[in-house]
Amino acid sequence: MLIRPPADIRSSEITPQALYRARRDFLKATLAGGLALAAGIGGTGAARAATFAELPASPLSTEEPPNSLHDITHYNNFYELGTDKRDPARFAAHLKTRPWSLAVEGECEQPAVYAIEDFVRPHALEERIYRLRCVEGWSMVIPWVGFPLAEVIRQARPTSRAKYVEFTTLHDPKMLPGQRVRVLDWPYVEGLRLDEAMHPLTILAVGLYGEVLPNQNGAPLRLVVPWKYGFKSIKSIVRIRFIEERPVSSWMKAAPREYGFYSNVNPEVAHPRWSQATERRIGEFRKRDTLMFNGYGEQVASLYAGMDLRKHF
Ligand code: MTE
């Protein structure tokens, strides 16, 4: 559907009409108001000091070299800031990330509302270098700054009815002008099973490359689930809710045949319109074989023991 197929197919050949139209409408909506803002991460350019210096590196990090800061911040999917890969950097400054709060609610004994400042404490953070495999057929290696989502979940004390965790992105068409165009049913929603959410690989990120998270990468707080296709890693989160029933994510709603709830990286299960067997690392030309669970099988395969992963794609 709207998430595009592999990058080696020329986009002029495959960009669906609806996506083309959405992008044109989005540009009209943002440019008409004189709101075209310069790109930039965090805004102040060269004068920015490293914010999270000397963080401990997680043993769960990959040893592959990270992509460049430029690639990571100028080749993005964040449809709330436009559907072209360059749009999120161009329109990043629309999004204001202070004040920002995160509501943790639903089936739990200790619901809470956190201010973002509660999470940006260097002593509680670490660097996690993870591969991100996008469903479109490309991948990147990103040095995130974050902490395990399990910490927030434990504080909330989910009840026995809590089977799933639902995540919701900010809904504010002024700050996220892509939401003026109905590419998806806004706000963006994602979900995990509670045990997936509690897994030590699952983090909430507040930065990358040792600095505060750039807006285009989902500031001020985004999920990172490295064994799942990139679209599960929801950006700019304002709500985490514990629920009994499986949530319906935005992509499942938009195209249920193409995007399942699990969305585990799986070279053996093709997307209905393209293979998932290989990927192209951004910055390279050669193709790499895509690894089961994006290479994190040893850590996560047991979560899916006995499940038919063709059915639960
Ligand atoms: N979260 C929101 N709210 N909106 C989006 O459009 N895109 C997803 C995911 N999270 C998206 C989102 C997709 S398709 C991918 S591949 C990753 O973000 C990309 O993250 P990155 O731009 O930081 O590499």
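Points to keep in mind about this one:
- Yes/no for Lys85 being open to solvent by 30 Å² or more (accessible area, probe 1.4 Å) and assigned to a loop (DSSP other than H, G, I, E, B): no
- Odd one out for Asp308 among (1) exposed (fewer than 12 other Cβ atoms within 10 Å of the Cβ); (2) under 21 Å from Thr62 (Cα atoms); (3) among the charged types (D, E, K, R): (2)
- Within the stretch 232-251, considering residues that are among the hydrophobic types (A, V, I, L, M, F, W, C) and open to solvent by less than 10 Å² (accessible area, probe 1.4 Å), the one farthest from the ligand (Cβ to nearest atom): Phe242
- Contact map, the stretch 174-196: first residue charged (D, E, K, R), second residue part of a loop (DSSP other than H, G, I, E, B) and within 12 Å of the ligand (Cβ to nearest atom), Cβ cut-off under 6 Å, separation 6 or more or different chains; pairs are Glu190/Ile234; Glu190/Ser249.
- Test: residue in the stretch 259-276 that is more than 10 Å from the ligand (Cβ to nearest atom), of a type in the set (A, V, I, L, M), at pLDDT 95 or above and touching a helix residue (DSSP H, G or I) at 6+ places or on another chain (Cβ under 7 Å): yes
- Those residues of the stretch 115-140 which are of a type in the set (A, V, I, L, M, F, W, C) and within 11 Å of the ligand (Cβ to nearest atom), in sequence order: Leu132, Cys134, Val135, Trp138, Met140
- Filter result for Glu196 (surrounded by fewer than 19 Cβ atoms within 10 Å (Cβ to Cβ) and not in a strand (DSSP E or B)): no
- Test: Phe231 is in contact with a Pro (Cβ under 6 Å, 6 or more places away or on another chain), under 30 Å from Asp172 (Cα atoms) and in contact (Cβ under 8 Å) with a residue 60 or more places away in the chain: no
- If you go through the stretch 252-265 and pick out every residue that is under 27 Å from Ile129 (Cβ atoms) and open to solvent by 10 Å² or more (accessible area, probe 1.4 Å), you end up with 2.
- In the stretch 292-313, the residues that are under 19 Å from Ala197 (Cβ atoms) reach residues that are among the polar types (S, T, N, Q) and surrounded by fewer than 16 Cβ atoms within 10 Å (Cβ to Cβ) with C-beta atoms within less than 9 angstrom, at least six apart or across chains, in these pairs: Phe293/Gln299.
The values are calculated or read from the model by the stated rules, or taken from the named source; none is laboratory data. Note that this is a predicted model, so its numbers are computed, not measured. Heads up, the Cβs are rebuilt from the backbone with ideal geometry, glycines too, and the neighbour counts pull from every protein chain shown. Remember, those area values only see protein heavy atoms, side chains included, never the ligands or the DNA or RNA. Shrake-Rupley method; radii C 1.70, N 1.55, O 1.52, S 1.80 Å.
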